[in-house]
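The values are calculated or read from the model by the stated rules, or taken from the named source; none is laboratory data. Keep in mind that this is a model prediction, so the values were computed, not measured. Note: ideal-geometry Cβ built from the backbone for every residue, glycine included; neighbour counts use all protein chains shown. For accessibility, only protein heavy atoms count, side chains too; no ligands or nucleic acids. Shrake-Rupley method; radii C 1.70, N 1.55, O 1.52, S 1.80 Å.
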Amino acid sequence: MRRVAQAGLVILLAVAVGIGVWWYMHRPVAVAELTLFGNVDLREIDLAFNNNERIASVLVQEGDRVRKGQALAQLDTSRLTPQLQQAEAQLAAQQANLEKLRRGNRPEDITQARANVAAAQAAAGDARQKYERVLNLSMNSAGRAVSPQDVDDARAAADQADARLAQVQSALALQLAGSRREDIAQATAQAKAAQAQTDLLRQQLHDAILFAPIDATVRTRVLEAGDMATPQKPVLTLAITDPKWIRVYVDEINLGKVHPGMTASITVDSFPNRSFAGRVGFVSSVAEFTPKNIETEELRSNLVYEVRIFVSDPQDVLRLGMPATARIPLNQVAPAPAAGALQ
């Protein structure tokens, strides 16, 4: 019986030790950091011309670093330049005509009009006197000294002189009155239309050069010299090297552990002995299925949340799509909620 009791005690001790070992192996362990897997991501720009024209030259190569405002490509302007010159000439003519109407008639023109009136008055007075003399002579001689035709001719000459006087007097009145407001308004509208056309052609000539909108790296030359450019066809694709981020995905269990502002350490296989400083900048509020190109320890069918970890890469060694591992220490203090936030 003693041996049986001893054997039972040994069995109980073995079971207790086994349970202890199992508990030790499966005890909950506080995770010090969260490891996530993703890829390097950055923004890209597709640059296209605003004009429809043939490309004259592409000034950069793939991989070139470009600065903001740098010329990257140029269109053929052999047809646009003469159009601009013609528009500028028409604009100058319209502006000169408008200025002429605004200033009114020259003093010399008014002086000439006054002289014409004076000459017409003298001619009308002389013609009227001649007519009166011929008429009196005809009446005093009972029509024997002059013929009726002579009287008619003298009267017609006097009437013509009076009409000429009225004409030059009207011309003088127009000279003194100056330009009509309607004519000035019409000339103003024509000058504005010519200015708008000139500005449009100048902008098109400026748009014939493709400038870099930001510091970036040329990723792809889509079109070459001789190709026909349109606003719908990109000529170059630029990669914005700052900022860069690691696109990772977090499951719902660990979502509450990640918040914007947390620091992270980024590593890539290409530089195994080097880490890059990162910062959580965006946590999606919408769940999605795990993308196929992201490797996680969970099933791909699980719902996850996108997280962007912005990474510092001053030497520009991280490339678009490069696999990366992000390690986020979990002993970081979460930021305080904003003032006025709903409780």
Kindly check whether there is at least one residue in region 60-77 that is open to solvent by 60 Å² or more (accessible area, probe 1.4 Å), among the hydrophobic types (A, V, I, L, M, F, W, C) and within 30 Å of R221 (Cβ to Cβ). no
Matching residues, region 112-134, being open to solvent by less than 90 Å² (accessible area, probe 1.4 Å) and either farther than 16 Å from Q169 by Cα or among the β-branched types (V, I, T) (or both): V117, D126, A127, R128, Y131, V134
Could you list all residues from region 75-122 that are touching a residue at least 60 places away in the same chain (Cβ under 8 Å), touching a helix residue (DSSP H, G or I) at 6+ places or on another chain (Cβ under 6 Å) and among the hydrophobic types (A, V, I, L, M, F, W, C)? L80, L84, A87, L91, L98, L101, I110, A113
So for region 310-331 (the condition being more than 26 Å from I45 (Cβ to Cβ), exposed (fewer than 13 other Cβ atoms within 10 Å of the Cβ) and either at pLDDT 85 or above or not small (G, A, S) (or both)), does at least one residue qualify? yes
When you scan region 154-255 for strands (runs of 3 or more DSSP E) that lie fully inside it, which ones turn up with 1 or more residues that are farther than 30 Å from R65 by Cβ and within 21 Å of the chain's Cα centre (by Cα)? none
For region 37-75, which positions are assigned to a loop (DSSP other than H, G, I, E, B), closer than 11 Å to I209 by Cβ and aliphatic (A, V, I, L, M)? L59
So Y249 ticks every box in (1) under 28 Å from E62 (Cβ atoms); (2) in contact with a Ser or Thr (Cβ under 8 Å, 6 or more places away or on another chain) but one. Which box is left unticked? (1)
Considering only residues that are open to solvent by 60 Å² or more (accessible area, probe 1.4 Å), assigned to a strand (DSSP E or B) and touching a residue at least 12 places away in the same chain (Cβ under 8 Å), which ones fall in region 259-284? T263, F271, A277, R279, F282
Name the pairs whose Cβ atoms lie under 6 Å apart, with the first residue in region 188-217 and open to solvent by less than 60 Å² (accessible area, probe 1.4 Å), the second basic (K, R), and 6 or more positions between them or separate chains? A212/K68; T217/R65
